[in-house]
Amino acid sequence: MLDKADKEIRKLPRTVKGAFFDFQHKFRTNPHTAGLKLQQLKGDSRLWSARVNDEYRALLLRLAEDDWLIVSVKHRKDVYDRMSYGVNQVTGGIEYVDLEVVEDSILRRLPAPPSAKPAPATPAPPASLERAPEPARPLFADWTDEQLLKLGVAEPLLPVIRTLTTVDQLLGLVEYAPQLTGEVLLSLFDGASFEDVLDQVTKPVAATGPVDPEDFGAAVQRPATVVTTTDEALREALESGDFGRWKVFLHPTQAKLVERRYNGPARVGGGPGTGKTIVALHRVRHLVRQLSPGRDKPVLLTTYNKNLAADLRSRLLELGGEALLARVEVSHVDQLALRIVREAE
């Protein structure tokens with residue numbers, strides 16, 4: 001299942017999610033089982049649908065003869081909504097965009113129309129004196145389509161990006177856009193220069209060689225195509241909310257931060273929802289895995305208040321169990337400072 005597909009699936013009724021879990025297990029066993037009703041969508045050589053239950057269908061990309069990628073689950077009446085998929089020319093990874101879902105997410109975040117007001121007591125000014133309000137300036141007016149594509153933005157989303165004028169609309173797009181597109185747009189919006197975004201966001205996940213846009217088999221093997229393939233990981237992603245999906249789907253940008261060898265202090269930044277906390281938790285697990293056996297706690301994870309420390313402790317437990325938590329000291333800054341002072345007395 002492709003990363004981001006679970007964002008839509010988790011919003012489906014519980015009974016549909018249960019049916020989907022059963023479906024993917026049956027599909028893995030034999031995709032041509034009669035009850036699954038696997039069929040190619042009209043006018044598309046690669047996109048297929050299969051029956052999840054009476055009302056819902058799974059949309060799948062056929063990558064090779066027996067290699068399938070689930071990209072969405074839709075009501076049967078919405079199977080032919082506007083959708084786009086392809087291989088990103090920068091990362092070489094597979095990207096799927098449901099334009100209907102993206103636009104609906106943006107529309108939900110538009111400000112409510114102003115309520116009707118009583119007519120003014122004084123006469124309206126002459127038409128010649130009235131000034132029409134200036135239209136809001138698009139958020140990404142300073143960057144050309146060519147620049148955005150060079151940064152790895154999904155090409156089908158360019159027309160939508162050009163309409164964005166508020167941060168709420170931007171967040172509505174980022175929720176369902178491919179991961180790199182979201183990271184690029186948030187970085188530009190936060191004030192980063194084109195060169196900085198290219199160097200710090202795009203280059204770490206760029207393909208190392210030529211990208212064939214028709215070779216989906218090669219594309220699915222690249223790190224930029226973030227997928228889950230096991231029953232256990234799929235159930236985790238669907239049932240455990242946002243944290244559950246980040247336990248399963250770690251973007252290549254995040255994975256490089258987690259596994260990198262540092263020579264000194266490092267700071268990781270990013271906008272809301274970009275996964276900074278998840279990177280920290282995975283980094284802790286990575287460090288613990290490098291340790292020789294023992295009972296000490298050489299890894300420190302700290303934050304700025306007691307409640308957050310408790311939350312991090314529970315998340316670490318969920319991520320790696322007691323064995324992981326036993327090697328990590330989790331405390332808030334005040335508690336840590338107090339302990340250091342007492343030890344120095």
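Please list 85, 96, 304 from largest to smallest accessible area, probe radius 1.4 Å, with all protein chains kept in place.
Values: 85 60, 96 20, 304 170 Å².
Greatest to least solvent exposure: 304, 85, 96.
Using a 1.4 angstrom probe, figure out how much accessible area the stretch 141-181 has per residue, in square angstrom, rounded to the nearest whole.
Values: 1600 Å² over 41 residues.
Per-residue value: 39 Å².
Provide the packing ranking of 51-58, 72-79, 257-264, 190-197, i.e. peptides ordered by the mean count of other C-beta atoms within 10 Å per residue, highest first. Before the final figure, lay out each step's value.
Values: 51-58: 18.9, 72-79: 17.4, 257-264: 10.5, 190-197: 13.4.
Listed from highest to lowest mean packing, they are 51-58, 72-79, 190-197, 257-264.
Sequence neighbours fewer than 8 away in the same chain don't count; with that in mind, list the aspartates and glutamates whose C-alpha is under 14 Å from residue 74.
Cross-link targets: 6, 8, 54, 55, 98, 100.
In this model, which of 17/203; 77/150; 11/37; 17/77; 4/77 are farther than 28 Å apart at the alpha-carbon?
Details: 17/203 36 Å; 77/150 36 Å; 11/37 24 Å; 17/77 18 Å; 4/77 21 Å.
As for pairs spanning more than 28 Å Cα to Cα, those are 17/203; 77/150.
Provide the convex hull volume over Cα atoms per residue for the stretch 137-221, in Å³. Let's see the in-between values first.
Numbers: hull volume 8.8 nm³, N = 85.
About 103 Å³ per residue, rounded to a whole number.
Under 5 Å between amide hydrogens, which residues at least 5 positions from residue 154 or on another chain qualify, with H placed 1.01 Å from N in the peptide plane?
181
I'd like the Kirkwood hydrodynamic radius of the stretch 1-77, using the inverse of the mean 1/r over distinct C-alpha pairs, in Å.
Values: mean 1/r = 0.0802 Å⁻¹.
Answer for the stretch 1-77: a Kirkwood hydrodynamic radius of 12.5 Å.
Give me a comma-separated list of calculated 3J(HN,Hα) values for the stretch 34-44, in order, Karplus coefficients 6.51, -1.76, 1.60 applied at θ = phi - 60°, integers in Hz, x for any Gly or Pro.
In residue order, the calculated couplings are 4, x, 7, 6, 5, 8, 6, 6, 5, x, 9 Hz.
Of the heavy-atom accessible surface of the stretch 22-61 (probe 1.4 angstrom), what whole percent is carbon and sulfur?
On the way: 1020 of 2230 Å².
Here it works out to 46 percent.
The values are calculated or read from the model by the stated rules, or taken from the named source; none is laboratory data. Please read these numbers as outputs of a predicted model, since none were measured by experiment. Positions of Cβ are backbone-derived with ideal geometry, glycine not excepted, and every protein chain shown enters the neighbour counts. With ligands, DNA and RNA removed, areas are computed over all heavy atoms of the protein, side chains included. Shrake-Rupley method; radii C 1.70, N 1.55, O 1.52, S 1.80 Å.
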